[in-house]
Each structure stands twice: as structure tokens, then as C-alpha cells.
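> Pasting a structure below so you can have a look.
Just so it is clear, none of the values below were taken in a lab; they were calculated from the coordinates. Remember, it's a predicted structure, so these values are computed and weren't measured experimentally. With ideal geometry, Cβ positions are generated from the backbone for all residues, glycine too; neighbour counts draw on all protein chains shown.
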Amino acid sequence: MRQLWAPWRIEYIREAGEPGCVFCRLLAENRDDANLIVVRRARTFALLNRYPYNSGHLMVAPLAHKGDLAALDDAETLELMRLLAEMQALLMRVMQPQGFNLGVNLGRVAGAGVLEHIHLHLVPRWNGDTNFMPVLDDVRVIPQALSELHALLVKALRESAATTA
């Protein structure tokens with residue numbers, strides 16, 4: 001019997017059993033580097049997905065604990081979309097992807113892992129990045145450490161802020 005070891009998955013399994021909202025918990029901890037939070041804005045924030053579909057997989061969400069797009073006010077909706085566009089530009093600058101997938105999973109049957117806190121997925125894509133692993137074995141190969149990518153994104157964001165200041 002062949003086995004595929006993924007010891008990092010145990011974190012995901014344990015987190016799923018923890019009470020409360022994972023996003024609210026990460027925000028309250030104020031450990032942005034450890035929690036892979038790339039940036040906080042007045043109403044929104046962006047973080048790397050700890051269990052990504054592909055390298056650079058970011059999530060953008062409101063700071064407020066709201067579970068549906070319709071629950072967001074106009075200011076939150078506008079800032080959410082602006083931060084999404086900013087993160088797309090940041091990923092383009094740092095990682096040079098050839099495309100992006102953008103997704104929102106509303107409801108468990110739609111694939112939502114966190115039901116109570118709306119979030120948008122931004123996934124960079126490259127020609128040929130889907131190899132036999134996800135097709136045959138439902139396995140993803142992520143070629144870069146999350147902490148390394150987080151540092152690159154935060155550095156690029158600070159550099160762009162310094163040049164516009």
C-alpha cells in the first residue's frame with residue numbers, strides 16, 4: 001500500500017474543532033506575521049490561506065464578523081473590493097502569475113469551510129500549474145513556504161507605500 005504523508009494537515013483538523021470564528025480569533029491575537037495576515041485596513045484585512053489551493057492563495061475579508069455579502073454595508077463592500085484589487089496587483093508584482101481564480105463559497109454545500117465570516121479567495125495561476133497530483137490524487141504541491149511568501153508580500157506592500165508617501 002502506498003501512503004502519502006501530510007503531517008501539516010493535522011493543524012487543519014484540530015482547528016476545525018475549535019469554537020468560534022477562526023478569522024476573528026486570528027485578528028484578536030494581534031500576531032499578524034505568525035497568522036499570515038498581510039495587511040489590515042479600516043474595515044477589511046487580507047491573509048494567506050494556511051491550507052492553500054495554490055501558491056499565493058490569499059483571502060480577503062471584512063473585519064466585522066458577518067456571514068453574507070448582503071450583511072456588508074456599502075463602505076465595507078467598497079473596501080473589500082478595493083483590497084481585493086490591491087492584493088491582486090501585489091501578487092502580480094511579487095509572483096508574476098499568468099491569471100487568477102476568484103471565489104466566494106457561500107454555504108456548506110457550496111464548499112464554505114468558514115460559514116459565519118464572509119471571505120473572498122484570490123488564487124494566482126500559472127500555465128501548467130495543474131499537474132497530475134490534483135487530477136489523480138487530489139493532492140496539491142505548493143512550492144514555496146508560506147512564511148517566506150508572507151515576508152515577500154509584506155515587504156512589497158511596505159515598499160509601495162513608501163514610494164507613494
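> I37: net charge of surrounding residues, Cβ under 13 Å, Lys/Arg +1, Asp/Glu -1, itself excluded?
Once positives and negatives cancel, what remains is +2.
> Going by how many other Cβ atoms sit within 10 Å of their own, how do R31, R25 line up, fewest first?
R31, R25
> Work out how much length H65 to N127 would gain on full extension: take 0.36 nm times their residue separation and subtract the Cα-Cα distance, in nm to one decimal.
Length gained, H65 through N127: 18.7 nm.
> Can you pull a Stokes-Einstein diffusion coefficient for the stretch 48-111 at 10 °C (1.306 mPa s), Rh from Kirkwood over Cα pairs, as a whole number of µm²/s?
120 µm²/s
> Quick one: which residues, 5+ away or cross-chain, put their amide H under 5 Å from the amide H of R125? H built at 1.01 Å from N.
Those qualifying (amide H under 5 Å, at least 5 residues apart or on another chain) are Q98, G99, F100, N101.
> Oh, and also: Whole percent per 10 Å bin, from 0 to the bin with the longest distance: what is P(r) over all C-alpha pairs of the stretch 20-164?
11, 41, 36, 11, 1
> What ranking do V38, V94, V109, V104 get, fewest neighbouring Cβ atoms within 10 angstrom at the top?
V109, V104, V94, V38
> In whole Hz, with x marking every Gly and Pro, tabulate ³J(HN,Hα) for the stretch 109-118 from phi via Karplus 6.51 cos²θ - 1.76 cosθ + 1.60, θ = phi - 60°.
Coupling constants for the stretch 109-118: 5, 8, x, 5, x, 10, 7, 8, 9, 4 Hz.
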